[in-house]
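Chemist: Below is a structure I'd like to ask you about.
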Amino acid sequence: TAVSPKKTRDSLGGSSVEGRGKVNASMTLPPNIGSELEGDADVVSLVLTGFTSTIYRDPTYHAEVAGGTTSASLYVGDTAQKVQNLTAPIRIEIVADTDKALKPNSTDCLYWNTVNSTWSREGCVGIVETRQEGEKVVCECTHLTDFAAGETVTPPSPTPGPAPTPAPTPAPTPAPTP
């Protein structure tokens, strides 16, 4: 876990926290974030927690996660804030797992949607950057939660079974003879 030095709400804009050890990520806040936070306390901290593997399993398999999960949080005083629908995005950089190659045109910045229990990319834009030290995904998101680099996939269509056999049509009843 990486924790930023405590800041005041007024000096929070543009602040960042760099992960250390297992936290292979960083987070930078937009300039106006202090005015968008709730709560009365003036002391604010940024927290990044890294997990070496994905801590969530998507039961519908709509995403393939490349590496671990990074949890990004913001505290006002001692209270974790629900950060969502910001006017300017938060920048989160996730260093890719070196064992899994990222695909520049299909790798996304994913977040764990707690309502649907699935990985989603809604509210985030992801860009793969290749540098000397390796690949990373730059996420610009209007909310904070748990993030990962990965690829959304289209689930396979169900295999159609045999067409149902229509019921036989009864033969017409002959007209009575006089």
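Chemist: Quick check, is Leu102 crowded, with 20+ Cβ neighbours inside 10 Å, modelled with pLDDT under 80 and in a loop (DSSP other than H, G, I, E, B)?
Modeler: Yes.
Chemist: Could you list, in sequence order, the residues of the stretch 31-45 that are of a type in the set (S, T, N, Q) and in contact with a Ser or Thr (Cβ under 9 Å, 6 or more places away or on another chain)?
Modeler: Within the stretch 31-45, Asn32, Ser45 meet the criteria.
Chemist: Hey, could you check the stretch 67-83 for residues that are outside any strand (DSSP E or B) and over 17 Å from Lys7 (Cβ atoms) and say which is modelled with the lowest pLDDT?
Modeler: Within the stretch 67-83, the match that is modelled with the lowest pLDDT is Gly67.
Chemist: Hey, does the stretch 49-66 have a residue that's at pLDDT 80 or above, surrounded by 13 or more Cβ atoms within 10 Å (Cβ to Cβ) and under 19 Å from His143 (Cα atoms)?
Modeler: yes
Chemist: Can I ask one more? In the stretch 11-51, which residues are of a type in the set (Gly, Ala, Ser) and outside any loop (DSSP other than H, G, I, E, B)?
Modeler: Ser11, Ser16, Ala25, Ser26, Gly34, Ser35, Ser45, Gly50
Chemist: Next question, about the same structure. Looking only at residues that are at pLDDT 80 or above and closer than 19 Å to Gly50 by Cα in the stretch 105-117, which one is nearest to the chain's Cα centre (by Cα)?
Modeler: Tyr111
Chemist: Still on this model: For Leu86, all conditions in the list (1) modelled with pLDDT of 80 or more; (2) in a loop (DSSP other than H, G, I, E, B); (3) under 14 Å from Phe147 (Cβ atoms) hold save one; what is the number of the exception?
Modeler: Failed condition: (3).
Chemist: Anything in the stretch 89-99 that is at pLDDT 85 or above and in a loop (DSSP other than H, G, I, E, B)? List them, or say none.
Modeler: Pro89
The values are calculated or read from the model by the stated rules, or taken from the named source; none is laboratory data. Here the structure is a predicted model, which is why all the values come from computation and not from measurement. Every residue, glycine as well, gets a Cβ built from its backbone with ideal geometry; the counts of neighbours run over all protein chains shown.
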